[in-house]
């Protein structure tokens, strides 16, 4: 059941502003049939992910079971149960990138950061995810960090790129 | 009369009401279409693909359980294409299934196994290395084995129908599995232990946490005196485990069988059902006359009690403080009975036989002081009888042991929805008005989800409601909270139809479950036993008179409060 390390909203509803936003969101959406997906999407926008306490609040607000909320949250890959880093990394594993060896890129990112795909570094700086095509197949293999696209990657280029983000935060 | 639709199934003409599915129509034509994810009144989603048939006007094969019939439709249920498709679906399910079929509790009674044999499946056709998961042994009532699960979702539907929703599908595609939110164990989840998931499961993925070995050990221990008592509904269902028709009352053979398990005594739990009524009726009248919290809720169902503690803790003051009949019997045996017979309570091993899984949890609640040492389900008792080599159907009819043998019909009907209410009304009305002679209260009988009635006794109006199935209980709670429902006394049983349909009752094949109303047939066995009993009111039982005379004094008296009543604890969960 462990979700993340350090300060997070697993056991709370985050800041008072976040809590107020979430409650207002539930209140204004709950009478619309099929509102759960929308609420989860917006809630992820507020918190960056969908911690347990947030899902419990949504379940209570909509009068449905937590298992139903959790079922939807785990069905769609767009929803995350773990917090995202300050710099979310998304390695493309779409067909073009994959045949150009993007699995090796993902491996290099994992090794460099010491975490697995789907996880977040303990300092909260990076999180790793994979995706299926970012529409830049000509640059394959590709990864994104935040909104920035890095193309024509090789595993040995990964360290330098990550270091530039670490430097910038210092 | 609804519009009728004419169609042919395997060239047999049938006429069924509009809105029927192909599966409904096939039943009329006496044709069995295999199903796995479908369960009458519980689940109907068309996901397992076992019921695929060919139908004119449809593209490809269609799922008979959800596909509506239309005029002139021609259906074929047994073509090469249907059989091949079903066989492949089964073999895909078997690819991940933990095939411990030799010693699986459901062996011989497993829908997947039966169909795999019927369709001549190769269980290893798609065999591969599959990750295995530990059993969920967190709860004292239910064991979940994820690796036997075929993702039919019948348990999920049963749990949702109970307004509990402790389990659901998690993830997507090949990784999908059934579990509690955030992979919580059952004990951490909102599960109330009713066991409706177990009786819904077509395979061995869900079963009770068995304590049969402990019971055998106690029977074999010369330093222990072992006593069994059986809940009212067990006699109405145990026969099913020995191929007797649904609704057969096997009380005499059940007593004879337990007696042959070893050197044990066999008591009738109906007596503490009677005792519960004496206490509960007195508590109700006390609440009515002295401005206590109303409506009062029955408290004999431990799944219902857990549901209130977890989901509606603010309603706890409405729960009767009476222990359930199981726990009253435990208390009675470890005090009154031990004192009377000079037995050290620690040498007395008390086994209750119950239709219920939540009672396994109830007897472990700390405030119950372990007065009931083991609670075994009807299914577990059947297994013990088989292990002991007892030819159940050849047994003579025997009677329960004294001093608790003579019980009232009021105690017997505790096993069906409305039974507790009716038994309480018999005693409460007579207490208020000594001339009140009505015994039957048909308004509170039957399997209607919510029953309401108002009675006028000695110038007082008593408004009652009866619900079984926790979603119906939820409905009643909602009405009470928003002021739209006003009652003095409410009976709730967690399982639809009451204990006769409990989570510990024999698991019957889908072909029977989908065609008979089990809860109604089983309840009839109890009501006919009641009407054949000369003693109808709990207060009529001479045993009750003796117990109060020799030990408790009066209902709700000091000693009764100490031994026969309990308290509850808020345990809010989402």
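The values are calculated or read from the model by the stated rules, or taken from the named source; none is laboratory data. Only a predicted model underlies this, so the values are computations on that prediction, with no experimental measurement involved. Note: ideal-geometry Cβ built from the backbone for every residue, glycine included; neighbour counts use all protein chains shown.
Odds and ends about this structure:
- The listed residues are B:219, B:198, and the only one of them that is closer than 25 Å to residue B:309 by Cα and touching a strand residue (DSSP E or B) at 6+ places or on another chain (Cβ under 8 Å) turns out to be B:198.
A quick yes/no check of all residues on (1) part of a strand (DSSP E or B); (2) farther than 15 Å from residue B:510 by Cβ; (3) touching a residue at least 12 places away in the same chain (Cβ under 8 Å):
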| residue | (1), (2), (3) |
| --- | --- |
| B:7 | yes, yes, yes |
| B:13 | yes, yes, no |
| B:23 | no, no, yes |
| B:48 | no, no, yes |
| B:60 | no, yes, no |
| B:86 | no, no, yes |
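- Where strands (runs of 3 or more DSSP E) fall entirely within the range B:428-522, those with at least 2 residues that are in contact (Cβ under 8 Å) with a residue 12 or more places away in the chain and over 27 Å from the mean Cα position of the chain (by Cα) are at B:450-457, B:460-468.
- You will find that of B:370, B:409, B:446, the residue that is in the same structural domain as residue B:217 (by TED's automatic domain parsing) and on the phi < 0 side of the Ramachandran plot is B:409 and no other.
- Filtered by the rule that a residue be at the interface with chain B (Cβ under 8 Å from one of its Cβ atoms) and assigned to a helix (DSSP H, G or I), the range A:68-90 gives A:68, A:69, A:70, A:71, A:74, A:75.
- Some residue of the range B:138-148 being part of a helix (DSSP H, G or I), touching a helix residue (DSSP H, G or I) at 6+ places or on another chain (Cβ under 8 Å) and closer than 30 Å to residue B:86 by Cβ: yes
- When the residues of the range B:456-473 are filtered to those that are touching a strand residue (DSSP E or B) at 6+ places or on another chain (Cβ under 9 Å) and surrounded by fewer than 19 Cβ atoms within 10 Å (Cβ to Cβ), the one that is nearest to residue B:301 (Cα to Cα) is B:463.
- Considering (1) surrounded by fewer than 20 Cβ atoms within 10 Å (Cβ to Cβ); (2) part of a loop (DSSP other than H, G, I, E, B); (3) at pLDDT 95 or above, the lone condition that residue B:127 does not fulfil carries the number (3).
- Residue B:355 vs. criteria over 22 Å from residue B:297 (Cα atoms) and assigned by TED's automatic domain parsing to the domain that holds residue B:218: no
- Residue selection: residue B:215 satisfies the criterion of being surrounded by 24 or more Cβ atoms within 10 Å (Cβ to Cβ), away from every other protein chain (no Cβ under 11 Å), over 30 Å from residue B:449 (Cβ atoms) and at pLDDT 95 or above.
- For the condition within 8 Å of chain A (Cβ to nearest Cβ) and part of a loop (DSSP other than H, G, I, E, B), residue B:165 qualifies.
- When the residues of the range B:555-574 are filtered to those that are away from chain A (no Cβ under 14 Å), in a loop (DSSP other than H, G, I, E, B) and within 28 Å of the chain's Cα centre (by Cα), the one that is nearest to residue B:370 (Cα to Cα) is B:566.
- The number of residues in the range B:192-228 being more than 16 Å from residue B:263 (Cβ to Cβ) and touching a residue at least 24 places away in the same chain (Cβ under 8 Å) comes to 22.
- Only one entry in B:189, B:180 is touching a residue at least 40 places away in the same chain (Cβ under 8 Å), within 8 Å of another protein chain (Cβ to nearest Cβ) and buried (at least 21 other Cβ atoms within 10 Å of the Cβ), namely B:189.
- Residues in the range A:56-67 that are part of a helix (DSSP H, G or I) and facing another protein chain (nearest Cβ under 7 Å) were compared, and the one that is farthest from residue B:178 (Cα to Cα) is A:60.
- Residue A:124 at positive phi, outside any helix (DSSP H, G or I) and more than 18 Å from the chain's Cα centre (by Cα): no
- Matching residues, the range B:149-162, being surrounded by 20 or more Cβ atoms within 10 Å (Cβ to Cβ), part of a loop (DSSP other than H, G, I, E, B) and within 13 Å of chain A (Cβ to nearest Cβ): B:153, B:162
- Within the range A:34-55, considering residues that are assigned to a helix (DSSP H, G or I) and within 11 Å of chain B (Cβ to nearest Cβ), the one surrounded by the most Cβ atoms within 10 Å (Cβ to Cβ): A:55
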